[in-house]
Structures are given as structure tokens and as C-alpha cells.
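To start, the structure itself, in C-alpha cells.
The values are calculated or read from the model by the stated rules, or taken from the named source; none is laboratory data. Keep in mind that this is a model prediction, so the values were computed, not measured. No Cβ is skipped: glycine too gets one built from the backbone with ideal geometry, and neighbour counts run over all protein chains shown.
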Amino acid sequence: MRLYLTSTGEWTGNQSDAAGLVRANGGTWEQVDVPTDKPGLIAWLTDQWARFAIVPAPSVPTPTTDTDAQRAENLRRISIEEEIQSCDLPRLAVLAENVAWRFHELARASKHDQAR
């Protein structure tokens, strides 16, 4: 699957949209080949997450009263991973597009925070 990334961190699904964003905002765009097989996509998403993730401050040890909240968070993460592993190609494409938009939001927020 091909996605297009502008130098301002915006993802699009086609060259025309990427070119339009570049005309409107300046910069350049590049084609990004995103794997469509599950192992390849998971590896690609992991790599993208590592590139754009904001590293949280070191956390204070969690009190034992948070075990229910931790359990719920772990179940949510497992559910997302299971969804990625079990969905068909059209659903996987929708998930990948949503992930790309989320990366864009985080990158834009990170740039905004760094500008302050």
C-alpha cells in the first residue's frame, strides 16, 4: 500500500492530495510503501511509533490500588493487537489510515509543543 507523507508531517492516500498539501503549506512530499501483510505492517507500525512517540517522563511506582486500571489497559492493548491480527485487508487499510492520521496529530502536537 502506498501512502504519501509531506515534509510537514501530513499523511495522505494519494499523490494528488499530497501535492495539494504541499502547494498549500509548502515543503515536499514523499511516497511511503506500507506493507500490507500482518507481520510487515506490525513491524512498520512499531517503527513509526518509535519515530513519533513522545517519551513519557519516568513514572512513579504504581500503587497496588491501580491493578484494575492496569488490567483494563492491558486488555485494551491486547484487543487492539488481536484486531490487527484478525482483520481482513479492507479493515486493515482503514486501521492503517487511522494510525497514520494519529501519527500526524501527534507529530503536529509535538512540533507545536517544541515551538513554545
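Might you check whether a residue that is farther than 17 Å from Y4 by Cβ, out of contact with any helix residue (DSSP H, G or I) (no Cβ under 8 Å at 6 or more places or on another chain), exposed (fewer than 14 other Cβ atoms within 10 Å of the Cβ) and in contact (Cβ under 8 Å) with a residue 60 or more places away in the chain occurs anywhere in segment 85-95?
Within segment 85-95, none of the residues are farther than 17 Å from Y4 by Cβ, out of contact with any helix residue (DSSP H, G or I) (no Cβ under 8 Å at 6 or more places or on another chain), exposed (fewer than 14 other Cβ atoms within 10 Å of the Cβ) and in contact (Cβ under 8 Å) with a residue 60 or more places away in the chain.
Just to verify a result, which residue in segment 100-113, among those that are farther than 10 Å from W11 by Cα and among the aliphatic types (A, V, I, L, M), is surrounded by the fewest Cβ atoms within 10 Å (Cβ to Cβ)?
For segment 100-113, the residue satisfying everything is A109.
Could you list, in sequence order, all residues of segment 17-30 that are out of contact with any Phe, Trp or Tyr (no Cβ under 6 Å at 6 or more places or on another chain), over 16 Å from E97 (Cβ atoms) and not acidic (D, E)?
A19, G20, R23, A24, N25, G26, G27, T28
To keep it simple, each residue is scored yes or no on (1) within 23 Å of K111 (Cα to Cα); (2) out of contact with any Ser or Thr (no Cβ under 7 Å at 6 or more places or on another chain); (3) modelled with pLDDT of 85 or more; (4) assigned to a strand (DSSP E or B).
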site	(1), (2), (3), (4)
L5	yes, yes, yes, yes
T8	yes, yes, no, no
A18	yes, no, yes, no
A24	yes, yes, yes, no
E30	yes, yes, yes, yes
L41	no, yes, yes, no
T46	yes, yes, no, no
I54	yes, no, no, no
T67	no, yes, no, no
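Looking at T62, T36, which is the one that is assigned to a loop (DSSP other than H, G, I, E, B) and at pLDDT 70 or above?
The conditions single out T36.
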